[in-house]
Structure formats: C-alpha cells, structure tokens
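**Student:** Questions regarding the structure given below will be posed in turn.
The values are calculated or read from the model by the stated rules, or taken from the named source; none is laboratory data. Every value quoted in this text rests on a predicted model; they were computed, and no experiment measured them. In this analysis, Cβ positions are derived from the backbone assuming ideal geometry, glycine residues included, and neighbour counts consider all displayed protein chains.
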Amino acid sequence: MGSCSGGTSNYFLDMKNFSLRNISLFFAGITAIIFLHYLRVLSPAESLAQRALNPFFSVFYSAGGKLRAIYDRQAAERDLLAENSDLKKQLAEQTIEIAKFKTIEDENKLLREQLNFFKAGERKYLMVNVSSLVSAGGANQSFVVDRGSADGLFAGLPVVAGNGMVVGKIVETKEHLSEACLISSSRCQFAAAIANQNRTIGLAKGDLGLTVKMDFIPQTEEIKAGDLVVTSGLEKNVPRGLVLGKVTAVNRSNKELWQTAVLEPFIDLNDLIFAAVLVP
C-alpha cells in the first residue's frame with residue numbers, strides 16, 4: 001500500500017512539473033516572438049504569411065460587407081413597410097372623414113332645396129327618412145319611411161324630394177312605418193299634365209320599375225321631347241304643379257286613339273336618403 005501511494009504522488013508531481021514547464025516554454029516562446037517582431041527579424045516571414053492570407057481576408061471582408069448590406073436593406077424595407085402601413089391607415093381615415101363631410105354637404109343641399117320649395121308654396125309636409133328600398137323583378141319598386149299612421153300619414157299622399165320632384169306615393173301605413181311606391185313602379189300612378197300651351201292631361205304610371213309613361217294623351221295634342229310634366233291637381237290629396245319628369249320620347253300611331261309619352265324623373269330614385277310627404 002505504501003509503495004502504491006508513493007507512486008501515485010510521484011506521478012502527480014511529475015505531471016505538475018511538466019505542466020509548469022510547458023507554460024513557461026509557451027510564455028518564453030511568445031516573448032521571443034514579440035522581441036523578434038520588434039527587431040524586424042520576422043518581417044520576411046510575416047510578409048509572406050500576410051500575402052498568403054490576403055485572399056482569405058479579402059473573401060471574409062467581402063462576405064461581411066455583403067451581409068451588412070443585406071441586413072441594412074432588410075432593415076430599410078421593414079421601415080418602409082411600416083411607414084407605408086401608417087400612410088395607408090392615415091389615408092383611410094382621411095377618406096372616411098371626406099366621405100362624411102361630402103355626405104353631410106349633399107344632405108344639407110337637398111334639405112335647403114326642399115325647405116325653399118315648401119317655403120315658396122306654403123305647403124304642409126312631414127320630413128321622412130328612407131330606411132330601405134324594396135326590389136322586385138330586378139328593379140326597385142318601393143321604399144320604406146320612418147313615419148306612419150301615428151304621424152298622420154295615410155295611403156294616397158305624394159312623396160317628394162328636392163324642389164318638389166315627385167318620387168312616389170304612400171300605399172300602406174303602419175303605426176310608425178309606411179311603404180311608398182316609387183314613381184317608376186307599376187303600382188304608382190298620378191293624374192298628370194304637360195306644361196305646354198294646352199296643358200295636355202293624361203295619366204302618368206310607372207313601367208316595370210324602369211321608367212315612367214304618360215298614357216291617354218289624345219292624338220290631336222302636340223307634345224315633344226323636353227316638355228315638362230307635372231301633377232294636374234285632378235287627384236285627391238295631390239296638389240297641382242308637382243314635377244313628375246320631362247318627356248324623352250313620344251309614341252304615336254294613327255291606328256291608336258291615344259298617344260304615349262315616356263318620362264324621365266329628375267331625381268335618381270336609387271339614391272333616396274330622405275324625402276317629404278305632403279299632407280292635406
């Protein structure tokens with residue numbers, strides 16, 4: 001046991017001495033290389049090594065520059081995308097605001113036109129909001145307003161927009177809602193007159209929700225495109241002089257007792273926002 005322990009101690013002692021010698025030799029070698037470098041003894045070897053390693057250094061330097069350029073480009077793209085996203089958001093917000101102002105401006109214009117019309121004619125009316133359009137056969141036929149029998153409305157009352165332009169007629173009422181037929185609907189008809197020298201009378205009626213026709217015009221009457229057509233006042237609860245539209249075409253045949261005029265309303269019936277119901 002004693003000899004084994006002594007051998008182990010000698011072994012570790014030898015290893016320690018070997019390590020110390022190696023460390024000493026390493027630092028001595030480093031010191032010698034530094035000393036020889038300052039004495040320029042190693043200059044030829046250093047120049048040769050530098051020339052040999054220059055291609056590798058160039059490759060590493062070029063690769064590092066490319067990596068840096070790629071990183072900078074990606075960072076710039078990220079910044080540009082973020083900036084574009086912010087600009088799109090701002091543009092969307094401004095577009096919404098412009099649309100709101102435009103809507104308010106258009107509504108105020110329509111309201112001023114209606115108020116001027118009612119003020120000039122001293123007619124009684126009830127303002128209504130158009131809540132929805134009702135379609136059938138591919139065309140709008142009627143619309144719903146937010147006033148009803150509780151507000152004094154009943155079937156047969158004319159509905160106007162703008163400067164007294166007829167857009168329809170009340171056909172059915174509930175307590176707080178009413179349905180009105182569009183002037184272009186076949187359910188809607190008005191006693192009409194053409195604003196010519198003879199004040200030619202007839203019956204204006206919607207045609208399949210697409211246009212308006214004026215029937216029962218005597219063949220002897222002279223009418224032409226551009227003539228203004230208004231309500232004749234021969235119908236109960238519909239005053240005289242409300243504008244129905246203008247004549248765009250005349251259908252005349254010598255074999256028929258009557259001639260027909262095609263009318264065009266002055267207001268786009270698909271863009272109704274609010275209107276007014278004329279009350280007795």
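**Student:** What about residue 202, is it out of contact with any Gly (no Cβ under 9 Å at 6 or more places or on another chain) and under 21 Å from residue 274 (Cα atoms)? Steps first, please.
**Tutor:** Working: out of contact with any Gly (no Cβ under 9 Å at 6 or more places or on another chain): yes; under 21 Å from residue 274 (Cα atoms): no.
Here the answer is no, as residue 202 does not meet what is asked.
**Student:** Yes or no: the stretch 160-171 includes at least one residue that is at pLDDT 90 or above, β-branched (Val, Ile, Thr) and more than 31 Å from the chain's Cα centre (by Cα). Outline the logic, then answer.
**Tutor:** From the stretch 160-171, those at pLDDT 90 or above are 160, 166-171; that's our starting set.
Then drop every residue that is not β-branched (Val, Ile, Thr), which leaves 160, 166-167, 170-171.
Of the ones still in play, those that are also more than 31 Å from the chain's Cα centre (by Cα) are 170-171.
Scanning the stretch 160-171 turns up at least one residue that is at pLDDT 90 or above, β-branched (Val, Ile, Thr) and more than 31 Å from the chain's Cα centre (by Cα).
**Student:** Taking the stretch 133-157, which residues are at pLDDT 90 or above and not in a strand (DSSP E or B)?
**Tutor:** Hits for the stretch 133-157 are 146, 147, 148, 149, 150, 151, 152, 153, 154, 155, 156, 157.
**Student:** So the check is Cβ under 6 Å with 6+ separation or different chains; which pairs have a first residue in the stretch 126-141 that's farther than 17 Å from residue 212 by Cβ and of a type in the set (S, T, N, Q) and a second one that's assigned to a strand (DSSP E or B) and at pLDDT below 85?
**Tutor:** 129/274
**Student:** Considering 213, 246, which residue is touching a strand residue (DSSP E or B) at 6+ places or on another chain (Cβ under 6 Å), under 20 Å from residue 158 (Cα atoms) and in contact (Cβ under 8 Å) with a residue 40 or more places away in the chain?
**Tutor:** Values: 246 fails: in contact (Cβ under 8 Å) with a residue 40 or more places away in the chain.
After applying the criteria, what remains is 213.
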